[in-house]
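In what follows, a structure is listed as structure tokens, so that the remarks can point back to it.
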Amino acid sequence: MSCQILKIALDTPLDTAFDYRWVNPSDTEDLPKVGQFALVPFGRREVIGLILSVHTSTDVPADKLRDVIAVRSQLSPLSAAWIELCRFAAEYYQRPVGEVVIPSCPKNLRVIKPTALDKALKKIAAMAPATSLSAASPLELNTEQQQVVEALSAETGFKTSLLFGVTGSGKTEVYLQSADRILRRSIQTGEPAQILIMVPEINLTPQLETNIRNRFPDLHIATMHSQLAEGERMQQWLAAHSGKASIVLGTRLSVLASMPYLKLIVVDEEHDPSYKQQDGLRYSARDLAVWRARQLDIPIVLGSATPSVESWQHAATGRYRKLALTHRAAINASLPAVGLIDMERNKAPDGLSAPLIAAIKLRLEKGEQSLLFLNRRGYAPVINCDACGWISNCRRCTAFMVLHKPERRLRCHHCSAETRIPSACPTCGNVDLQPLGRGTQKIEETLQQLFPAARILRIDADSTRKKGSAQIAFDSVHRGDVDILLGTQMVAKGHDFQRLTLVGVINPDTALFSQDYRAGERLFAQLMQVAGRAGRAAKKAEGNASEVLIQTRYPAHPLYRALLQHDYPGFAETTLKERRDAGLPPFIFQALLRAEARELQKALDFLELARHLLADDSITLNDPVPMNIVRVAGVERAQLLIECASRAQLQAFLKPWVESLRKMKSRIRWSLEVDPVDI
Ligand code: ADP
Ligand code: ZN
Ligand code: ZN
């Protein structure tokens with residue numbers, strides 16, 4: 001009889017691994033291995049954990065030590081490198097290791113009966129490994145693309161390349177051909193290779209998936225995103241884990257995919273905020289991807305037309321290598337002309353100014369498409385009563401109830417509370433309630449009145465609630481069944497609409513005066529991105545110009561001036577200088593402690609206590625303050641910002657500090673975010 005002690009990570013808030021005894025009565029079973037899943041008793045339940053290490057003894061007294069029920073030996077173990085990645089993520093973001101390793105694996109792996117696993121493994125075993133690579137006719141690279149692909153292929157060890165390529169410069173082709181080289185070499189040498197391609201949202205850019213599948217018809221491509229059904233999620237995960245999938249295309253969660261033969265990581269649109277997880281393990285998938293590439297000693301490419309200023313700074317200091325694609329790839333395509341419409345001079349009672357209306361009309365006459373971008377859904381952000389000053393506040397949040405006219409509802413976008421639209425003012429009875437401001441539904445109504453014969457389509461979170469409906473909507477735009485497309489940032493992402501020659505931007509100004517120091521950077525990226533939807537295809541012989549028109553009350557603002565010139569580098573340098581002068585990231589490092597309570601004072605008191613738990617001269621612990629939107633769904637929220645000139649010193653402080661916070665056992669709900677993005 002042999003006996004082993006296994007340290008097993010479980011999905012619990014306790015920051016430890018738990019010791020279990022594994023007994024093999026007949027010496028017939030294989031010894032358990034690090035990286036295997038095991039079914040163990042925990043309290044009165046049975047749960048699945050991951051074996052982190054194997055020992056011969058333990059400090060746990062024999063009568064407390066419990067036995068492993070079963071080891072999932074049918075699944076090959078997760079690699080030591082993968083476990084190390086999870087450990088790093090757990091330590092860096094100050095979470096228990098079990099909360100990283102367990103939830104990052106599919107739920108169906110974690111059920112008590114392994115029936116589904118066995119079935120899925122059979123399917124994987126039946127997948128034929130790739131033995132050939134008949135890349136379907138790649139595009140002929142232009143000189144710049146050629147240089148970039150050469151530069152990328154020259155590296156096999158760790159190197160972070162920032163691929164700064166203007167919208168439509170053919171970054172996708174660079175990724176595909178770089179992948180092609182690695183996979184081709186792998187098939188020749190017989191040494192397996194895998195490539196991870198990360199995107200902000202797969203559902204909004206299905207073209208990329210289609211492109212990859214068409215390009216590599218012989219290969220297995222796994223996709224990973226949060227909308228997969230559990231069965232599918234396990235299948236895709238196993239395809240990656242087994243090495244059968246040569247390419248994994250995924251959203252931020254795919255950074256933790258098990259890929260034993262990973263040879264290249266691509267992070268497309270590396271600046272996109274959706275790479276940051278906003279609850280639980282609040283990780284930056286881009287940053288973890290860079291760490292993973294360094295760990296594995298493989299190259300990583302961060303691609304964007306508007307890199308994050310952090311990455312730009314790394315390129316400036318030489319930490320990242322900058323590669324550039326400076327012009328559009330399609331023959332005769334060029335960047336659209338950007339124009340500003342001064343809204344001090346052009347009144348637009350219904351949201352659209354005369355020059356913008358004229359530009360849309362011209363596109364309609366030519367049979368071309370227009371896209372209007374307004375980052376505010378609903379009909380109007382608020383309704384009010386002129387007679388008594390009543391305003392549609394949410395009862396549970398410090399926010400307005402938004403008017404949704406087609407649905408005939410008022411909705412709070414923070415807590416999802418809903419009511420009917422009141423027929424009269426709740427305080428004075430006035431029946432003439434006024435919508436204030438405009439959302440996408442209002443613009444849609446205006447467009448319908450102005451252009452009754454045009455085919456108008458609105459795409460936002462409201463119009464695409466049904467699963468698959470966004471896809472259907474985008475397909476109809478691609479087919480040319482839509483003359484005017486209107487929407488929120490959902491329409492700004494990487495679509496390649498062939499007949500689109502006009503982009504109109506409605507009311508982007510609010511972000512210019514936001515308290516969030518990152519708002520400007522985000523706005524610039526969003527506007528470049530949406531502007532980048534115009535004029536992607538070749539110009540027709542007569543030279544149809546594509547154009548971007550931005551309605552603003554601040555046409556002289558430096559952000560818009562940079563945008564007119566398509567000058568991302570200029571914008572980034574100004575922004576970095578401001579950040580340096582103001583002592584903001586990336587020149588300092590931050591963490592944010594948030595607390596929630598029924599009463600604001602309780603949250604603030606908790607933060608005040610936290611602030612004095614540990615003293616450290618290198619750390620600035622700011623005054624606790626209420627959050628910007630202080631109340632959401634009846635809960636009051638406050639935050640404490642921690643700053644430090646050094647990342648290492650901040651990390652050294654956070655670990656013991658978070659331990660003391662846990663020991664306080666306060667009833668207040670709190671969470672810590674390292675490198676916070678929304679402050
Ligand atoms: P990005 O991701 O940089 O915005 P895409 O990869 O979507 O740009 O490419 C934009 C367009 O240019 C696509 O329609 C693509 O097919 C085309 N394209 C890319 N590379 C080339 C090339 N070398 N020759 C011709 N067309 C190209
Ligand atoms: Zn009133
Ligand atoms: Zn609310």
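A compact table of results
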| read-out | value |
| --- | --- |
| Residue-averaged [θ]222 nm for the chain, counting only DSSP H segments that reach four residues, each worth -39500 (n - 2.57) | -9000 deg cm²/dmol |
| Label-point separation, F513 to L65 (7 Å along Cα→Cβ), nm | 6.8 |
| Those trypsin sites (Lys or Arg not before Pro) in segment 327-386 that DSSP places in a loop and that have at most 12 other beta carbons within 10 Å | R345, K347 |
| Carbon plus sulfur fraction of accessible area for the chain, probe 1.4 Å, in percent | 51 |
| Cut-off under 5 Å, modelled amide H: who pairs with L325 long-range | F164, G165, V166 |
| Residue-wise HN-Hα coupling along segment 15-20, computed from phi with Karplus coefficients 6.51, -1.76, 1.60 (Hz; x: Gly, Pro) | 8, 8, 9, 10, 7, 10 |
| Loop-resident sites, segment 531-630, for trypsin sites (Lys or Arg not before Pro), counting at most 16 other Cβ within 10 Å (DSSP) | K539, K540, R553, R598 |
| Average accessible area per residue (Å²) across the chain - probe 1.4 Å, nucleic acids and ligands excluded | 45 |
| Magnitude of the charge dipole, the chain, Cβ model with Lys/Arg +1 and Asp/Glu -1, debye to 20 | 1140 |
| Exposed GluC sites (Glu not before Pro) absent: longest stretch of the chain, with sites in DSSP loops and at most 11 other Cβ within 10 Å deemed exposed | 141-343 |
| Segment 2-104: Cα Rg divided by the 2.2 N^0.38 Å rule of thumb | 1.04 |
| Ratio of Rg to Rh over segment 251-353 (Cα coordinates, Kirkwood Rh, two decimals) | 1.13 |
| Three-way shape call for segment 143-325 based on the alpha-carbon gyration tensor, with the a/c threshold at 1.5 | rounded |
| Residues of segment 165-188 with amide N under 11 Å of a point placed 7 Å along Cα→Cβ from A324 | 165-166 |
| Dipole of segment 2-104 [Lys/Arg +1, Asp/Glu -1 at C-beta], most positive-end residue of L52, S2, F37 | F37 |
| Loop-located trypsin sites (Lys or Arg not before Pro) in segment 55-158 whose Cβ has at most 14 other Cβ within 10 Å (DSSP) | K64 |
| Segment 570-667 shape via C-alpha gyration tensor axes, a/c threshold 1.5 | oblate |
| Value in Å of the Kirkwood radius, where the chain supplies the Cα pairs that are averaged | 27.7 |
| Hz values of 3J(HN,Hα) by residue in segment 257-265 - Karplus curve (6.51, -1.76, 1.60), Gly and Pro given as x | 5, 7, 9, x, 10, 4, 10, 7, 10 |
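The values are calculated or read from the model by the stated rules, or taken from the named source; none is laboratory data. All values reported here derive from a predicted model rather than from experimental measurement. All Cβ positions, even for glycine, are placed from backbone atoms using ideal geometry, and neighbour counts span all protein chains on display. What goes into the accessible areas is simple: the full protein's heavy atoms, side chains included, and nothing from ligands, DNA or RNA. Shrake-Rupley method; radii C 1.70, N 1.55, O 1.52, S 1.80 Å.
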